[in-house]
Amino acid sequence: MARLSEDNVRIALEIIGRYPRAKSATIPLLHLAQQQDGFVTNEAMAHIGELVGTTSAEVLGTATFYEMFKFEPVGKYLVNICGTMSCALLGAEALMHHAEHTLGIKAGSTTPDGLFTLEHAECQAACTEAPTLQVNYRYRFRVTNETFDQLIDDLRNGRLGDEIPAHGTVAKIRQRIPADRGVGAVAPEDVTEPPAWMPAPQAQGSTS
Amino acid sequence: MDAGTASAGEHVVTTSATTYSYTPGFYAGDRPRIVTSRFEYEDSHTIERFLATDGYVGLKAALAKPAPAVHEDVKAATVLGRGGAGFPAGTKWGLTPPGVFPRYLVVNGDESEPGTYKDRLLMERDPHQLIEGCLIACYAAGLSQCFLYIRGEMAVAQERVAQALNDAYAAGYIGKNILGTDFSLDIVLHWGAGAYVVGEETALIESLEGNRGMPRLKPPYFPAAIGLYGQPTIVNNVETLANLPWLMRHGVEAYTAIGTATSPGTRMMAVSGHVKRPGVFEVINGSTTFRDLIFGEEFAGGMRDGATLKAFVPGGGSAPWFVEDQLDLPLEGRAVGAAGSMVGSGAVMVMDDTTDIPAAALTLTAFYAHESCGKCAPCREGGTWLMRILERIVAGHGTSRDLDQLIQVGQTICPGNFPHASSERLGLTAVPFPYKMTTICFVGPSAYTPVHSALTLFRDEFEARLMKRTFIPVTAVSEPATADSTSLTAASMAGTVHS
Ligand SMILES: Cc1cc2nc3c(=O)[nH]c(=O)nc-3n(C[C@H](O)[C@H](O)[C@H](O)COP(=O)(O)O)c2cc1C
Ligand code: SF4
Ligand code: FES
């Protein structure tokens with residue numbers, strides 16, 4: 001629980017290499033840190049600052065803007081119930097009350113066993129399937145009190161391990177650019193020519 | 001796919017619309033399908049299925065022409081932006097300053113406008129189509145690197161796109177010398193981390209540079225001039241780019257034969273709320289009306305439980321509301337704009353007569369207030385004020401002054417006449433879109449929009465919610481208290497003062 005592990009540094013360097021400026025990798029690396037520790041630690045932010053060439057304060061500044069980054073431990077399962085209009089029209093508020101009752105906690109807090117954190121969320125781009133929720137950013141649609149309780153039971157008993165990884169991991173598949181196929185990122189100041197497939201500027205005339 | 005859809009079922013046929021269990025919410029109909037043609041295959045996200053169904057054929061057609069000719073095609077087809085503003089893609093690409101390189105493409109996959117559900121489907125169900133669209137755009141406009149920014153909360157979309165990118169690199173469709181030509185391009189998958197305002201194109205660029213996702217001051221109005229790393233940058237929506245492969249395969253004429261002259265092709269529409277069959281549909285652009293979408297048997301199928309329509313939001317949470325009077329308007333920017341709203345992001349949210357209008361408006365205002373990035377005072381302060389006042393009214397503690405105050409706060413964000421729909425019932429004529437604004441981006445105005453719409457069209461519901469009380473100065477009590485409600489209130493008021 002600290003700086004990025006050796007394996008993760010390797011992934012981090014691969015990610016940084018894809019951008020013309022290293023700082024662009026800040027958010028992907030924050031995700032990597034959160035995947036490693038379940039939340040973003042100060043040590044990880046300092047390490048990310050070193051890797052992308054900024055200060056840890058700047059990394060913190062960026063990180064705190066984004067809702068997904070947590071700075072203290074949260075439950076293994078982050079349950080986000082959508083409360084925006086389409087879901088609200090179809091019972092999101094009642095679902096939230098039910099969830100608070102089932103989990104025995106208020107929205108915004110974590111169960112004493114550290115398994116669940118419950119949060120109010122905003123439109124999850126699944127409005128036709130209202131009311132919706134996400135557990136560690138994996139969807140459940142048209143949620144009823146019964147399906148909610150079933151979900152919690154399944155999670156408690158580890159029945160969804162394959163589908164829903166612990167908090168911190170978002171996508172389970174990473175992009176990999178093969179060395180022999182990638183073009184490679186170039187700093188903008190090192191490019192002056194139009195790309196190879198574009199006609200030379202004078203021949204281009206007025207395409208605009 | 002994600003489990004849990006109540007509507008799930010293998011190829012359940014419901015009237016003329018077909019559903020697929022692995023595409024939650026989507027209904028295929030007897031209509032042209034430009035971007036959803038592969039949704040019927042369970043494995044539509046795989047490169048095998050893609051290649052077996054005309055995949056990368058549009059790219060080959062594009063590469064067979066000089067880049068400027070492809071750009072001309074996109075201009076001639078008037079491919080309108082599907083991210084909200086409806087700006088023609090071909091025209092936007094032409095706004096890059098000539099001779100300035102490198103130029104970048106940033107794909108806006110941050111879909112988070114309330115009510116909007118289409119880009120996520122396109123990324124999860126047909127990621128290669130999006131990749132092919134990115135390749136065509138970069139080829140045509142001379143863009144030398146592409147960043148595909150996907151909303152942080154969309155785990156499955158990120159996985160599908162990552163897998164598709166890996167497969168496409170391996171198969172030679174992305175990277176160096178694509179298909180043996182001198183066209184070379186990297187497409188980099190980038191994730192967000194939860195912030196609505198990052199969908200605004202300059203905020204998207206800030207976020208991609210590793211900063212807080214705050215919109216940039218305008219001008220420049222388009223990042224096409226100064227964008228990522230200060231270089232010319234095209235920002236396009238996922239659905240916009242997903243149109244390009246079909247356009248290249250079938251040609252401009254086939255594309256413009258669908259829809260209307262000003263709004264050609266199709267567009268994805270999500271209809272949610274109190275309808276019988278909430279769903280996502282690919283509909284003919286320009287001519288399909290809101291009545292079709294809400295009441296049409298092949299679309300949402302009418303109001304649930306025989307209820308009546310009270311109001312609907314026609315173009316995502318930022319759009320001023322419509323009522324029954326506007327049902328026959330087509331999905332066409334100019335017509336909808338003149339009627340006081342916008343087509344926006346392809347999202348219709350429907351409210352029936354059981355809806356508590358002030359509470360419904362609050363869900364949207366709270367969203368925008370919460371998502372304010374804090375850069376402009378009218379949005380940062382005004383949004384929160386609007387939310388607090390609305391909360392008070394919804395809780396039954398509002399006073400008549402609160403209604404005026406809502407308008408006053410709104411005026412600091414959007415001075416002057418604010419757009420709204422016409423209403424025969426109220427004898428109102430429409431005020432056309434757009435509004436004036438004192439803020440950098442549309443988040444501030446969007447916090448006010450639901451308040452203004454609700455208050456203009458349903459003022460009676462707000463008034464009915466106000467606290468019924470008469471203020472009686474403590475020193476003026478001259479008569480013995482009676483048991484009517486006024487004195488009860490006064491007595492309890494006095495009680496509060498002393499406690
Ligand atoms: C506050 C705000 C949020 C936005 N969110 C999105 C979004 O999530 N996805 C999107 O494509 N466009 C969004 N837009 C519009 C973009 O700024 C931009 O116009 C669009 O991505 C351009 O692509 P297009 O021309 O292909 O539509 C948003 C705009 C604003 C002001
Ligand atoms: S309008 Fe709101 S969200 Fe947009 S830049 Fe200003 S403060 Fe930020
Ligand atoms: S409003 Fe809940 S998913 Fe959109």
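Every number here is computed from the coordinates shown, using simple stated rules; none is lab data. Small disclaimer: the values here were computed from a predicted structure and weren't measured. Note that each Cβ is placed from the backbone with ideal geometry, even for glycine, and that neighbours are counted across all protein chains shown.
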| request: Please check which bits of region B:364-385 a label hung off residue B:438 would reach, taking the label as a point 7 Å along Cα-to-C-beta and the cut-off as backbone N under 15 Å. | output: B:375-385
| query | What spacing in nm lies between the two simple spin-label points modelled at residue B:334 and residue A:13, each 7 Å away from Cα in the Cβ direction? | reply | 5.9 nm
| Placing +1 at every Lys and Arg Cβ and -1 at every Asp and Glu Cβ, with all other atoms neutral, what dipole size does region B:357-468 have around its Cα centre, in debye to the nearest 20? | 160 debye
| request: Would you tell me the mean number of C-beta atoms belonging to other protein chains that fall within 10 Å of each C-beta in A:162-173, as a whole number? | output: 4
| request: With an 8 Å cut-off on Cα pairs and a minimum separation of 6 or more residues, tell me the relative contact order of chain A in percent. | output: 20 percent
| remark: A student applying the Cα gyration tensor rule (rounded when a/c is under 1.5; otherwise prolate if a/b is larger than b/c, oblate if not) would label region B:357-468 oblate
| remark: For chain B, the longest principal axis of the Cα atoms and the Cα long axis of helix B:127-141 enclose an angle in degrees, to the nearest 10, of 70 degrees
| query | Once label points are set 7 Å from the Cα along Cα→Cβ at both residue B:354 and residue A:145, what is their separation, rounded to one decimal in nm? | reply | 1.5 nm
| field | Burial ordering of B:72, B:132, fewest other beta-carbon atoms within 10 Å first | value | B:72, B:132
| task | Could you compute the FRET efficiency for residue B:422 and residue B:253, with r as their C-beta to C-beta distance and R0 at 35 Å, rounded to 0.05? | result | 0.40
| remark: Cα extents of the protein assembly as shown along the principal axes, largest first, in whole Å, come to 96, 59, 51
| field | Lone cysteines, chain A (no partner Cβ under 4.7 Å) | value | A:123, A:127
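For residue B:225, what charge total do you get from the other residues with a beta carbon under 14 Å from its beta carbon, if Lys and Arg give +1 and Asp and Glu give -1?
Residues near residue B:225 contribute +3 overall.
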| query | Measuring from label point to label point, each 7 Å out along Cα→Cβ, what is the residue A:64 to residue B:21 span in nm? | reply | 4.8 nm
| task | Assuming R0 = 41 Å, can you tell me the calculated FRET efficiency for the pair residue B:179 and residue A:163, based on Cβ-Cβ distance, to the nearest 0.05? | result | 0.65
| field | For the protein assembly as shown, with +1 on Lys and Arg beta carbons and -1 on Asp and Glu, the positive-most of B:467, A:73, B:84 along the dipole | value | B:84
| From the residues A:48, A:5, A:20, which one has its Cα farthest along the dipole of region A:1-52 in the positive direction, the dipole being from +1 and -1 charges on Cβ of Lys/Arg and Asp/Glu about the Cα centre? | A:20
| query | How large are Rg and Dmax for region A:6-63 when only the alpha carbon atoms are used, in Å? | reply | 10.0, 29
| remark: Rounded to 0.05, the calculated FRET efficiency for the beta carbons of residue B:221 and residue B:297 at R₀ = 56 Å is 0.85
| remark: Per residue of B:108-114, other chain Cβ atoms within 10 Å number on average 3
| query | Roughly what angle does helix B:485-498 make with the longest principal axis of chain B, taking Cα atoms, 0 to 90 degrees, to the nearest 10? | reply | 80 degrees
| query | Which order results if B:399, B:96 are arranged by neighbouring Cβ count within 10 Å, fewest first? | reply | B:399, B:96
| Leaving out same-chain residues fewer than 8 places away, which lysines sit with a Cα under 26 Å from that of residue B:92? | B:60, B:65, B:75, B:118, B:218, B:436
| task | Determine the dipole magnitude for chain B: charges of +1 sit on the beta-carbon of Lys and Arg, -1 on that of Asp and Glu, nothing else is charged, the reference point is the Cα centre, and the result goes in debye to the nearest 20. | result | 1060 debye
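Over all residues in B:134-147, what is the mean tally of Cβ atoms on other chains that come within 10 Å of each residue's Cβ?
On the way: counts 0, 0, 0, 0, 2, 3, 2, 2, 8, 2, 12, 10, 0, 4.
Counting other chains' Cβ atoms within 10 Å and averaging over B:134-147 gives 3.
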| task | Please name which of B:320, B:68, B:246 has its Cα lying farthest along the dipole of chain B towards the positive end, using unit charges on Cβ (Lys, Arg +1; Asp, Glu -1) and the Cα centre as origin. | result | B:68
| message | Straight-line reach from residue A:23: which aspartates and glutamates fall under 14 Å, measuring Cα to Cα and dropping same-chain residues less than 8 apart? | response | A:14, A:50, A:58, B:206, B:209
| Residue order, fewest to most surrounding Cβ atoms within 10 angstrom, among A:70, B:118 | A:70, B:118
| message | Please enumerate, by chain and number, the aspartates and glutamates with C-alpha under 16 Å from the C-alpha of residue B:310, excluding those fewer than 8 residues away in the same chain. | response | B:324, B:325, B:328, B:352, B:353, B:356, B:424, B:460, B:461
